[in-house]
Amino acid sequence: MIDRPTVTQLAADLRARKISSVELVRACLARIEASQPALNAFVTITADQALEQAEAADRELAAGRGGPLAGVPIGHKDLFCTAGVRTTCGSRMLENFVAPYDATVVARLKAAGAVMLGKLNMDEFAMGSSNETSYFGPVRNPWKTDLVPGGSSGGSAAAVAARLLPAATATDTGGSIRQPAAFCGVTGIKPTYGRVSRYGMIAFASSLDQGGVIAQTAEDCARVLRSMAGFDPRDSTSVDIPVPDYLAGLDAPLAGVRIGVLKEFFDTGLDAGYERRVREAFAVFERLGARLCELSLPNIPRSVPAYYVVAPAECSSNLARYDGVRFGHRCSAPRDLADLYKRSRSEGFGPEVKRRIMTGTYVLSAGYYDAYYLKAQRVRRMITGDFERAFAEVDLLMGPTTPTVAFALGAKSADPITMYLNDIYTISANLAGLPAMSVPCGFVDGLPAGLQIIGPHFAEQRLLHAAHRFQRETDWHTRVPERCA
Amino acid sequence: MALTRAQVEGIAHLARLELDPAEVPQYEQSLSRIVDFIGELERANTAGAAPMAHPLPGLVQRLRADEVTERDGHALYQRNAPQVASGLYLVPKVIE
Amino acid sequence: MNAHQGTRVSKGAATEPGAAWETVIGLEIHAQLATRSKIFSGAPTAYGAAPNTQACLVDLGYPGVLPVLNAEAVRMAVRFGLAIGARIAHQSVFARKNYFYPDLPKGYQISQYELPIVAGGTLDIVLEDGSRKRIGVTRAHLEEDAGKSLHEGLAGLTGIDLNRAGTPLLEIVSEPEMRSAKEAVAYMKKVHTLVRYLEICDGNMQEGSFRCDANVSVRPAGAEKFGTRAEIKNVNSFRYVEKAILYEVARQIELIESGGKVIQETRLFDPDRGETRSMRSKEEANDYRYFPDPDLLPLELDAAYVESVRAELPELPDAKAARFSAQYGLSDYDAGVLTASRELADYYEAVTRGVPGQPKLAANWVMGEFAAALHKEGLEISAGKLPAERLAGLLARIADETISGKIAKEVFEAMWANGESADAVIASKGLQQITDTGAIERAIAEVMAQHPDQLAEFRAGKDKLFGFFVGQVMKATRGKANPAQLNALLKEKLPG
């Protein structure tokens, strides 16, 4: 009864009092506890608070009240600040950091009645594509535990894939929602930049970071996103336009929808089996009446190098606040101020974070700014221009989410570039601030593959609609890893 | 382009990171790889493309009314601080 | 600017005679904007609170928090820009200046770099010889202030108070167009006057609301190329700015003349020793890695907004001084003094309204007795110790000859001490001027009777004794005799 249901199902059953939030939360907590040794999806489990919140939700529901997610268990990626519950960002730096406030996303989901079960593991400061950079140990892929779940929202994707939770918050700076969603066989949406408040979401790269959802279905994503999104006066980059009802019109026909197939996504290093799954998905859309055409976005191949200038540059500055003075790790017995800074930061940050801080410091430094930072921002403009031209012709763009299915732990840790290229298909949407999703579209050698859908700014509804219709025709999103079944 | 050891150490200092001498060669190598990789951008013809710092075109800064909305929370905020006294955050002596 | 207008300093012994140096000074003035809340957060900006009680999560640079720009800080910057005839940028951009320092919580300061809100204005200063000189203002930009480091009473430690962090600052950068310490001070005073007129800064230098960095260099007279400059940081009084610049100029000249080289560095002025010294802690070359702050969007101000701010501008000091000269017939000097602050100018005008037709009398009293009394007690006009109508009441009694100017000073003192009106003081002390001819004649007769010898000498031709009789009669009437009447009557009576 409570093994696999979706947010949609659970919200209805809770409202109908078929189940209680407390029993649901107890069951989830039990599964979470049991899964930890194998999956390590959680950094912190907040059982007591969760049960309190569940009781409160049950009282609300009994009184015929309660928000749209009343009593539904969720987890938060451990970079959303939660008042009174530690927020680690997957880092030793913030191992004991307890935020004195709730992130806007956390507050909104709380207000919608959702019950938080804990904080989900992630790559340190969201920097990674495999979840191997977490100070709290890697998350493992529920489909095969010697594989990575993807990153940086690996804990969120793994928890939903293993049906520990029906939905989890996540963030996406260069693919951190879509890539793990693809690797774990779940559905994830990164909304338009500015659609979900970044207030209280610990920054990696401010002009790229965007909060979103990972869930089993597009409909669930719509349901959760509806409660998360919206204008926030505390975030200057939050956009003040109304949030549409993402659930409305999900079942409308797809006939006549124009879909562009991104040529460049099939040019470079895409696994042949993966490509077949993606092309099979295209056939489903054609059957549904969509019109497909191939499109070329010539500047897309420069996304990864441009991203690895912009993101580290912003990160090097964003992470300067961790200096061992007001919060976070502090080295023992500093000799002087320089020693305090250097040792606190070197002990607090892991190697990948340090590498990115150093890359960012380098590209912004005197004599290199124009060649790297400004150049990358120009390339970013050109990539955005490519998308603008494409969306003049088509309603949506599609392609694979990743070049391959999930890889083995340790397989790509030796060379940073090999790891960075894993995000080759996802990064461009962040550079242009576009909404993008990953939807399960089949299996390659028994491992999930993801179909990526990208839309123009604020077209979340269009993405969710296409994904939902696809999921009505397919059952990939209902598949559960054997060990979790 | 290969970064020299001195460059790597200079960057680390600017970023206030202390690298173990044994780690330096690793960073030298991986940062050189990265610099090569992003150096590819040099070949892009970006004539006429203005630098883009924000992904949403046309969005401008919103202004906040000049109102005091925050109250003293230092006791709570300083719970995360490694060393405080009399409400002050403490650091090793700063020499001016 | 010709070299001969600059400061000439020559060090005798070491150099050939006639070697002259020109001083080049540019100022960066930091004016704290008088907003209620901080530039990017809703924390209060009041001075003097207990440590860290006015530092909110945004000011502390807590993980996850974000800046939102204060509308009033923007409006104040635009006011300043318009007042100096500068361009108000249609689009300006906030950038991060990255460096590590304990009083800088985020590890970067949000400032404006390539695209400041205000660019290209001018300010006129009056030089000692009365001539005017125009100083260019390169730019003025918005930024956040840092916190404070406290070293006292903490053994081997420094305490960090972040109450000031995030206070809005307008950094006003001049062209290197000042050629002497006096010019620099005149410019700084001019900016100080202006920001207070505009009500964008309280100008309190003790509290650090208005402070300045001086870039100082010297070059051989007539040279085109600037010398290497030293930056003297955070000087917070007019007097110190002058002393610091004079010291620094002498130091640089001595250094060069003894074969040394000025190095570009940051120096600190030590008021106790009257000298500048190198700041070791900031010695290392900084690489601030400026880039646009991705948490803030470009600030766009349209023409309608700028015009609405322009419409609210008060009358500015130069315009007011010109009007005072024209309207009240005051000298340029007096007009300048009376318009040095908006409060003083308003006070003067209120006094003038109370004694129509006596602008010069009002000017003399406001700049004289009134200013001296304030100064003596360290009071501001705003303290309201002597309302303008009261002072006008006193001047009216001088104008209608109820009292003489001399008696008026006595009345003023009593008014200042007791807060009474001039008429009350005059009545209670019986200080009305004696204009009754009979009474004056009686006093003259008495004095003549008391001093027969002097009378005889006067009548024998010693005219100088006329003054003696004036003095004696005044003494007898306790200064109240109308001087003009007294003169006339004495001229009539003394010759016999």
- [ ] With label points built 7 Å along Cα→Cβ from the Cα atoms of C:Ala350 and A:Val98, find their separation and express it in nm.
- [x] 5.5
- [ ] May I ask you to compute the full-extension gain from C:His375 to C:Ala399, defined as 0.36 nm times their residue separation minus their alpha-carbon distance, rounded to one decimal in nm?
- [x] 6.0 nm
TODO: Could you work out the equivalent-ellipsoid semi-axes for the stretch C:437-493, taking the square root of 5 times each eigenvalue of the Cα gyration tensor, largest first, in whole Å?
DONE: 18, 11, 10
Open item on the list: Let me check the size of the stretch A:413-458 from its C-alpha atoms; what are the radius of gyration and Dmax in Å?
Closed with: 13.1, 38
Task: For the stretch C:48-109, average projected area of the Cα convex hull in nm² - done: 6.2
- [ ] Would you give the gap between the C-alpha center of the stretch A:287-330 and the C-alpha center of the stretch B:45-79, rounded to a whole Å?
- [x] 18
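Quick one, can you get me the convex hull of the C-alpha atoms of chain C expressed as volume per residue in Å³? Could you put the intermediate results ahead of the total?
Details: hull volume 114.1 nm³, N = 496.
In chain C, the Cα convex hull volume per residue is 230 Å³.
Using a Förster distance of 60 Å, how high is the FRET efficiency between A:Asp271 and C:Glu199, based on the Cβ-Cβ distance and rounded to 0.05?
Numbers: r = 67 Å, r/R0 = 1.12.
Once the sixth-power term is evaluated, E becomes 0.35.
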Task: Computed magnitude of the charge dipole of the stretch C:437-493 (debye, nearest 20; Cβ of K, R +1, Cβ of D, E -1) - done: 160
Task: C:Val118 long-range amide H proximity, modeled H, under 5 Å - done: C:Ala89, C:Ala140
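More than 19 angstrom separation, counting every C-alpha pair in the stretch A:79-180; what % is that? If you can, show how the numbers build up before the last one.
Working: 2044 of 5151 pairs.
Taking all Cα-Cα pairs of the stretch A:79-180, the fraction more than 19 Å apart is 40 percent.
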- [ ] Calculate, in whole percent, how much of the Cα-Cα pair population of the stretch A:88-134 lies beyond 18 Å.
- [x] 41
Open item on the list: If you split all Cα-Cα distances of the stretch C:228-270 into 5 Å bins from zero, what percentages do you get per bin, shortest first?
Closed with: 6, 23, 31, 23, 12, 5, 1
Task: Rg ratio (alpha-carbon, reference 2.2 N^0.38 Å) - the stretch A:7-257 - done: 0.93
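Which number comes out as Rg/Rh for the stretch A:301-377 once both Rg and the Kirkwood Rh are worked out on C-alpha atoms? Walk me through the numbers on the way to the answer.
On the way: Rg = 14.4 Å, Rh = 13.4 Å.
We get a ratio of 1.08 for the stretch A:301-377.
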Open item on the list: P(r) for the stretch C:92-230, please, calculated from all Cα pair distances in 10 Å bins and given in %.
Closed with: 10, 31, 34, 19, 5, 0
Task: Calculated FRET efficiency for the pair C:Glu343/C:Arg273, C-beta based, R₀ 60 Å, to 0.05 - done: 0.95
TODO: Can you figure out the FRET efficiency of B:Arg43 with C:Asn234, using R₀ = 45 Å and their beta-carbon distance, to the nearest 0.05?
DONE: 0.45
Open item on the list: Against the 2.2 N^0.38 Å scaling, with N counting residues, where does the stretch A:254-322 land? I'd like the Cα-based Rg ratio to two decimal places.
Closed with: 1.61
Task: For chain B, average projected area of the Cα convex hull in nm² - done: 13.2
- [ ] For the protein assembly as shown, just list the percent of Cα-Cα distances falling in each 10 Å bin from zero outward, please.
- [x] 2, 10, 16, 18, 16, 12, 9, 7, 4, 3, 2, 1, 1, 0
Open item on the list: Between the stretch A:97-156 and the stretch A:380-426, how far is it from one alpha carbon centroid to the other, in angstrom?
Closed with: 21
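Using the Cα centre of chain C as the reference point, and only Cβ charges (+1 on K/R, -1 on D/E), how large is the resulting charge dipole? Debye, rounded to the nearest 20.
Using Cβ point charges on Lys, Arg, Asp and Glu, chain C gives about 880 debye.
Which three numbers, in whole Å and largest first, are the semi-axes of the equivalent ellipsoid of the stretch A:1-156 derived from its Cα gyration tensor as √(5λ)?
On the way: eigenvalues 151, 65, 28 Å².
The answer is 28, 18, 12 Å, longest axis first.
Run the numbers on the stretch A:262-389 and let me know its relative contact order in percent, using alpha-carbon pairs under 8 Å that are six or more apart.
Numbers: 111 pairs, mean separation 39.2, N = 128.
Reported relative contact order: 31 percent.
Could you tally the net charge around A:Ala157, taking each other residue with its Cβ under 11 Å from the Cβ of A:Ala157, Lys/Arg +1 and Asp/Glu -1?
Residues near A:Ala157 contribute +2 overall.
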Task: Distant alpha-carbon pairs in chain A (separation over 34 angstrom), percent - done: 28
Task: Rounded Å value of the spacing that divides the Cα centres of the stretch A:440-485 and the stretch C:44-113 - done: 45
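Can you tell me how much longer the chain between A:Asp245 and A:Ala63 gets when fully stretched, taken as 0.36 nm per residue apart minus their C-alpha distance, in nm with one decimal?
Working: separation 182, 0.36 × 182 = 65.52 nm, distance 2.52 nm.
Taking A:Asp245 through A:Ala63 to full extension adds about 63.0 nm, to one decimal.
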Task: Base-10 log of normalised Debye intensity for the stretch C:315-429 (one unit scatterer per alpha-carbon) at q = 0.23, 0.24 Å⁻¹ - done: -1.32, -1.41
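Read the figures in this text as sums done on the coordinates, not as results from a lab. Everything numeric here is computed off the predicted structure, so don't read it as measured data. Quick reminder, even Gly has a Cβ in these numbers, built from the backbone with ideal geometry, and neighbours come from all protein chains shown.
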